[in-house]
Amino acid sequence: MSGKKGGKMKLMVKECLIKNLNADVLVIPVFKDMENKEKMFVEVNNILNKLLSQTIYENPDIGEEGKFHMFYTNSRLKLKRVLLAGLGESDELDLEKIRNLGGKLAAHIKNNSMKDVAFLSFGYDLKNVTIEAASKALVVGFKLGDYKYEEFKTENMGTKEADKGKKKYKGINSLLFVPQVKSDLKLIENVIKDAEIVSNNVCIVRDLVNKPANMLSPSLYVKEIKKIFTKSKVKVKILEEAAIKKEKMGCIINVAKGSVEKPKLVVLTYSPPKAKKTIVFVGKGVTFDAGGTNLKPSQYISNMKQDMGGSAAVVGAVKSAAEMKFPIKVIGIMPLVENLISGTAMKTGDVITAANGKTIEVENTDAEGRLILADALHYATKFKPYCIVDIATLTGAASVALGSRCTSLMGNDQDLIKNLIEAGEKMHEKAWQLPLFKEYDEDIKSDIADLKNMGNPGGEAGTIIGGMFLQNFIGENKWVHLDIGATAFTAKPNAYKSKGATGVPVRMLVKWMRGLF
């Protein structure tokens, strides 16, 4: 799934003689400070009458990080082109640079309308990373760099009469890894399969978050989720409004009151045989957030279709765990609502009762995410999990605290926090811990109820206050809260993140789950 019509890109690994290789382009990675003496590079170079080595000798900047230099083979090979891709200095190479290379490669190849790509696998001149880790990072960068959300572009929907009968470039068809030596084949094959699963699921998350709110109301979202998990080992259970009321989830019910769309609670369950641990992900699913009675200003309301980014991340994480056959039970809980304004909408000053019995004074109807999460977190405790991780576009204050390149993280178990931060670091989905000091409890005490859903006037410690509030609904469980309010959606694209939905923090969560077994 990639937000566009057409088939998925095929990923392959195959041992192949250079003279038999048939592709639009063969990509060869090169270092700035090292001569490439790998057997297959030498073979291509010889067939092309030393064109590659001569060009590198005359143009030393070719090996600079992110630089590309393309040659036509002029029928000396079945290959149409050879592309030298610069890796920079050998001792400075890391996995994030390789992901960026993959993203830039995908863009370059699309800009030149090439469809079938071969990649001469990394050799043994790597210093800081293994061949398998480098291959995995290249695939992630390449596939995510290929992503573009174009679902509603008429040219991709086949509606323009003028386009009928015309051949049009439809994107990259395939990426073939060509191992340097036969023993690398199985090694690369195993890791790129995992990379493909995660990348595909990040793209699913991006599609969901990028989808317009009129195409992804709670009822339509449920249909999408059922479609995503068709023929999957994940069970999908939907609690409708009556069942939500039966569970006494007063927060979810009250937030949804302003919309004609009824609330839903989605429960995903992946339960492999002999699983020794159960983890629960809880994701905020506000499919459009107008702010309710505390209506958002126009500059903040335009992208509020993305306020269900936490729930989408849960979809991606659970689906990845199932497809990679992780030996842990993974449950995903997603409350789905619209937060709108109408004659029936929740009002500022209302007192509502959460599923765990705590009463909450609604100081601001635009602090609705923590309300629906309160009920969902309490529901999560029923599964007696090893831990609970919630993911939410909870606060605008998160961008003030840490900016758009880092997720805010809080919790009550330092080992859990440490492991998630380390997983994020490895995937370059960075997170940073904010404190949940007991002194902040005073800020959410209400004069007329147990709690209020806002802290001090002026938004002081806004992101922390969100975490302090949620802590009241987790019981005695280990818990971490990821506020992706600043990282789920971006106006600053990079090599493998397009403008719009990022898919954060799916790759972090998958890496973290791997460390649990």
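The values are calculated or read from the model by the stated rules, or taken from the named source; none is laboratory data. None of the values given here were measured: they were computed from a predicted structure. So basically every Cβ, Gly included, is an ideal-geometry build from the backbone, and we count neighbours across all protein chains shown. To get the accessible areas, we keep the full protein, side chains included, count just its heavy atoms, and leave off ligands, DNA and RNA. Shrake-Rupley method; radii C 1.70, N 1.55, O 1.52, S 1.80 Å.
The order of the peptides 480-487, 260-267, 72-79 by mean Cβ neighbours within 10 Å, most packed first, is 480-487, 260-267, 72-79. Taking the centroid of alpha carbons for each part, segment 453-517 and segment 279-296 are 13 Å apart. Each distinct pair of alpha carbons in the chain adds a 1/r term; the inverse of their mean, the Kirkwood radius, is 24.3 Å.
The distance between label points at residue 438 and residue 492 comes to 3.8 nm (points 7 Å beyond Cα on the Cα→Cβ vector).
Grab the beta carbon distance between residue 186 and residue 55, set R0 = 45 Å, and tell me the FRET efficiency rounded to 0.05. Taking R0 as 45 Å, the efficiency between residue 186 and residue 55 is 0.85. The share of accessible area on segment 95-228 that comes from carbon and sulfur is 52 percent, using a 1.4 angstrom probe. In this Cβ point-charge picture (+1 for Lys and Arg, -1 for Asp and Glu), segment 13-79 has a dipole of about 380 debye about its Cα centre.
Remark: accessible surface ordering of 437, 71 (largest first) is 437, 71, probe radius 1.4 Å. About the centre of its Cα atoms, the chain shows a dipole size close to 2580 debye [charges on the beta carbon of Lys, Arg (+1) and Asp, Glu (-1) only; nearest 20 debye]. The peptide list 62-70, 471-479, put in order of mean Cβ contacts within 10 Å with the highest first, becomes 471-479, 62-70. For the chain, the solvent-accessible area works out to 44 Å² per residue, with a probe of 1.4 Å and every protein chain left in place. Can you tell me what percent of all Cα-Cα pairs in segment 42-106 are more than 15 Å apart? Distances greater than 15 Å cover 56 percent of the Cα pairs. Over segment 301-410, the fraction of Cα-Cα pairs per 5 Å bin, rounded to whole percents and listed from the shortest bin up, is 2, 9, 17, 20, 20, 16, 10, 4, 2, 0.
Comparing 494, 69, 481 along the charge dipole axis of the chain, the residue lying farthest to the positive side is 69, per the Cβ-charge model.
Enumerate the aspartates and glutamates that residue 358 could reach by cross-link, defined here as Cα to Cα under 12 Å, with residues fewer than 8 away along the same chain left out. Output for residue 358: 375, 450. Of the residues 400, 437, 372, the one whose Cα sits farthest towards the positive end of the charge dipole of segment 366-438 is 437 (charges of +1 on Lys and Arg Cβ, -1 on Asp and Glu Cβ, taken about the Cα centre). Evaluated over the Cα positions of segment 152-305, the convex hull gives a direction-averaged projected area, one quarter of its surface, of 16.3 nm².
Measuring nothing but how far apart in sequence close Cα pairs (under 8 Å, 6+ apart) lie, relative to its length, segment 1-113 scores a relative contact order of 30 percent.
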